[in-house]
1. Could you give the semi-axes, largest first, of the ellipsoid that matches the chain, computed as the square roots of 5 times the alpha carbon gyration tensor eigenvalues and rounded to whole Å?
2. Once you place label points 7 Å from the Cα toward the Cβ at N78 and E140, how far apart are they in nm?
3. For T4 and T127, FRET efficiency with R0 = 45 Å and r from the beta-carbon atoms, rounded to 0.05?
4. Through the Karplus equation 6.51 cos²θ - 1.76 cosθ + 1.60, θ set to phi - 60°, convert the phi angles of segment 49-64 into ³J(HN,Hα) values in whole Hz; use x for Gly and Pro.
5. Cut-off 14 Å, label point 7 angstrom out along Cα-to-Cβ of E120: give me the residues of segment 1-42 whose amide nitrogen falls inside.
6. How large is the translational diffusion coefficient of segment 1-67 in µm² per second when you combine the Kirkwood radius over alpha carbon pairs with Stokes-Einstein at 37 °C and 0.692 mPa s?
7. Using 0.36 nm per residue of separation minus the Cα-Cα distance, give me the extension gain between T65 and R90 in nm, one decimal.
8. Provide the percentage of antiparallel DSSP beta bridges, counting only those with both residues in the chain; round to the nearest 5.
Amino acid sequence: MANTYSQVYLQIVFGVKNRLSIIQSEWKNDLCKYICGIVNNLRCKPIIINGVGDHLHLLIGLKPTISISELVQKIKANSSRWINENNLVRGKFEWQSGYGVFSYSHSQLTQVINYIKNQEVHHSKKTFSQEYEEFLKAFEIEYEKKYIFEELRYIESRKG
């Protein structure tokens with residue numbers, strides 16, 4: 001076949017290391033625009049990016065020329081470098097080591113776009129941990145609760 005055609009829509013979710021709420025509204029839109037540039041440069045299609053202080057949601061049209069893990073690694077590495085080079089946080093900014101990725105059909109895009117667009121509203125009612133567990137359950141992904149947000153539990157255990 002002369003050409004490759006694909007239609008793969010992914011919602012990628014990842015948080016700030018140690019669940020710190022340090023993504024500030026003053027520069028969050030610039031961060032989302034920067035990530036859009038990263039995604040475009042990787043020849044994928046950014047559809048919407050939004051989040052709150054401790055995490056982001058990205059809806060992306062994935063091209064078959066890049067793996068999911070490579071895409072996420074490049075997004076996280078380049079965006080954290082951008083945050084650090086622009087001195088947007090005190091200390092060194094880092095994303096969590098893992099991520100969630102969930103696939104959608106074309107008919108579900110409007111619903112997912114609206115969900116991502118309204119992150120501030122969702123998180124006035126539930127935490128990132130609660131939201132993340134709901135995703136894992138809805139997509140029937142097996143997980144062990146003790147390994148979700150392990151970094152946060154480690155910090156909380158050190159406080160006590």
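1. Sorted largest first and rounded, they come to 26, 20, 15 Å.
2. 3.6 nm
3. That pair, T127 with T4, gives E of 0.65.
4. 9, 6, x, 10, x, 10, 6, 10, 10, 10, 9, 9, x, 7, 9, x
5. In segment 1-42, the label zone of E120 (backbone N under 14 Å from the point 7 Å along Cα→Cβ) covers 24-30.
6. Rounded to a whole number, D works out at 252 µm²/s.
7. Fully extending the segment from T65 to R90 adds 5.4 nm.
8. In the chain, DSSP labels about 100 percent of beta bridges as antiparallel.
Where a number appears in this text, it was derived from the coordinates with a stated rule and is not lab data. Source: prediction; values computed, not measured. We place every Cβ from the backbone using ideal geometry, glycine too, and count neighbours over all the protein chains shown.
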